[in-house]
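Below: the structure, in structure tokens.
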Amino acid sequence: MNREEPQPQKPRRARWWFLLGVCVVAAGAFFGVMAGNGISPRQMWSRLRSGDTPKLSLELPRAARPKHMSRPYGMAPIAFEAYVRACTNAGIHPFRIGQTIGDHPRSVGYHKRDGVLNIRGEKIDYCAAVDLGAFELTEEQRRRFLHHLTKQGFASWYRSGEKWRGAEHIHAIYALLPMKPQLEEQVREFMRERRDKGIKPLRWERFTKRRLD
């Protein structure tokens, strides 16, 4: 009677080396994320011991970010291109566009359609305002993102506090488009706040001030 030959088992030592390799790769990825968020291993250990778990943000490296993405309904092409440039310069992933044209109750009409652009025979509805998700961004990333949005022609704020609890976001207005009076007043307020802080106005601010005055 023929019996099957027993299959040789993998040496136990090889399996331990495999598990050790997996742990090393996982640890490398973990410490890489910490380094990308400006947190040293010692700082991480101190925070974990004190119960203060730091908020980590996982960002795709620049080379992995999409080169092309579709313009959403309700966003003017010129505003969309400016937005993508701001994301690229700030190192922020661009897939965070929320409301463009919309009627969310909290928006109280600010996101209604501002007008229609006719570009090469195509009629494009637009709103100059756009809401951008920012829940996973650190305070430093939000500051950098708002800075680059401003450089590209947006008046923008991070909306937080009791009124926006659970719906925190960045409200941005592309100032170089015709818009409703409510948005014009927000742009004036944005420029006034920067002027009161002694910040030198950008070219788009000087142009917009002449247009709105």
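The numbers here are math on the coordinates, done by the rules we state, and not lab data. This is a predicted model, so every value here is computed, not measured. Please note: Cβ atoms are built from the backbone with ideal geometry, for glycine as well, and neighbour counts cover all protein chains shown.
For the modelled label position 7 Å from the Cα of F207 along Cα-to-Cβ, which residues of region 150-175 have backbone nitrogen atoms closer than 11 Å?
153, 175
Between D196 and R143, what is 0.36 nm times their sequence separation minus the Cα-Cα distance? Round to one decimal in nm.
Full extension of this stretch gives 17.2 nm more.
Determine ³J(HN,Hα), in whole Hz, for all residues of region 207-213 in sequence, where each value follows from phi through the Karplus function 6.51 cos²θ - 1.76 cosθ + 1.60 and θ = phi - 60°; x replaces Gly and Pro.
For region 207-213, the Karplus curve yields 5, 5, 4, 5, 5, 8, 6 Hz.
Among 157-166, 110-119, what's the highest-first ranking by average C-beta atoms within 10 angstrom per residue?
110-119, 157-166
Which residues' amide hydrogens lie under 5 Å from the amide hydrogen of G115, considering only partners 5 or more residues apart or on another chain, with H built in the peptide plane?
Y126
If you count, for each residue, the other Cβ atoms within 10 Å and average over each peptide, how do 191-200, 126-135 line up from highest to lowest?
126-135, 191-200
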